[in-house]
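Data block below; observations after.
Bear in mind that the values in this text are calculations on the coordinates, not laboratory data. What you see is a predicted model, and the numbers here were worked out from it, not measured in a lab. Counting neighbours? That spans all protein chains shown, and the Cβs are built from the backbone with ideal geometry, glycine included.
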Amino acid sequence: MLSPIAAKIINMLPESFLVKMARRISNGYIDKYANITVRGLENIDNVKKPRIFVCNHLSNSDGLVLNKILKEKSDPYFIAGIKLSNDPITNIGTKIVKNIAIKPNSADKEAITKVVKALKSGEDILIFPEGTRSRTGAMIEGKKGILLFARMAKAEIIPIGMSGTDKLLPISTDGNMGAEKWQRADVTINIGDKIQFPKREKDEDKHEYEDRCMDTLMRSIARLLPEHYRGVYK
């Protein structure tokens with residue numbers, strides 16, 4: 001991983017040069033350390049736009065790996081926590097992938113508007129519905145914001161199950177992202193069919209129905225993962 005000093009220097013470069021250098025560095029790390037297996041890429045073509053990809057979240061390498069793999073079929077905007085732009089190392093990652101910054105755990109109306117507008121204009125979106133990286137590798141409870149985006153843009157949702165990135169770029173035990181180091185790892189990405197949500201029952205409470213839909217969504221991701229990654233969705 002880049003040192004904080006090197007990251008600060010790179011962030012001072014002109015934008016166009018920064019992006020080219022950052023992509024070269026990122027792809028170099030991925031090519032060197034990751035042995036990637038992808039299944040189900042063809043499923044993307046079977047889903048009409050607007051489309052939202054949803055994936056479990058394990059590592060700061062997740063977005064970089066997915067961006068590289070999906071390029072063949074899609075060039076999605078990633079929904080990223082605004083704090084990523086505040087760290088010199090993770091800020092470089094936000095330059096590599098198209099992204100829309102969002103304030104976590106809040107009704108960020110500006111970000112919501114941007115996401116819905118992007119979807120309606122034909123752009124794909126990728127969201128990590130857990131909202132944060134899993135510290136154990138196992139799935140944690142998803143957040144319902146994804147359902148709002150899908151409903152407002154009338155978007156289809158495609159699940160992705162990713163394993164191995166927790167070993168590719170493990171989370172630092174002390175929370176220092178600058179201390180995270182790339183390791184050789186097998187990474188598997190499984191892309192599923194679009195999610196079929198249950199119909200709302202007559203007189204069913206809105207919140208209960210959303211809970212059912214969210215459970216369907218998260219279990220669609222879990223089914224694409226080895227059992228020990230499924231966490232609360234086993």
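Under 8 Å for C-alpha pairs, at least 6 residues apart: give me the relative contact order for the chain, rounded to a whole percent. Can you show the working numbers first?
Values: 399 pairs, mean separation 65.6, N = 234.
Relative CO of the chain lands at 28 percent.
Taking the Cα-to-Cβ direction at Lys103 and at Glu208 and moving 7 Å from each Cα, how far apart do the two end points lie in nm?
Between Lys103 and Glu208, the simple spin-label model gives 3.4 nm.
Each label point is 7 Å from the Cα along the Cα-to-Cβ direction; what then is the distance between the points at Gln183 and Lys20, in nm?
Calculated label separation equals 3.5 nm.
Select one label from [x] 7, 29, 34, 22, 7, 1, 0; [y] 7, 32, 38, 18, 3, 1; [z] 7, 30, 30, 19, 10, 3, 0: the one whose number is P(r) over Cα pairs in 10 Å bins from 0, in percent as derived from the coordinates shown.
[y]
List every residue whose amide H lies under 5 Å from the amide H of Ile157, counting only residues 5 or more places away in sequence or on a different chain, with H placed 1.01 Å from N in the peptide plane.
Hits under the 5 Å cutoff: Ile52, Ile195.
Which angle from 0 to 90°, rounded to the nearest 10, does the C-alpha axis of helix 206-222 make with the longest principal axis of the chain?
Value to nearest ten degrees: 50.
Out of Lys167, Lys202, Lys109, any idea which swings most in a Gaussian network model of the chain, alpha carbons joined below 10 Å?
Of the options given, Lys202 has the highest mean-square fluctuation.
Relative contact order for segment 95-189 using alpha-carbon pairs under 8 Å, separation at least 6, rounded to a whole percent?
Relative contact order here is 19 percent.
Name the residue, out of Asn56, Asn27, Asn99, whose mean-square fluctuation peaks in a Gaussian network model built on the chain with Cα pairs under 10 Å.
Result for the chain, Cα springs under 10 Å: Asn27 fluctuates most.
In a Gaussian network model over the chain where Cα atoms closer than 10 Å are linked, find which of Leu169, Leu58, Leu18 has the largest mean-square fluctuation.
Of Leu169, Leu58, Leu18, the most mobile in the Gaussian network model is Leu18.
Helix 109-120: angle to the longest alpha-carbon principal axis of the chain, degrees 0 to 90, nearest 10?
Around 80 degrees separate the two axes.
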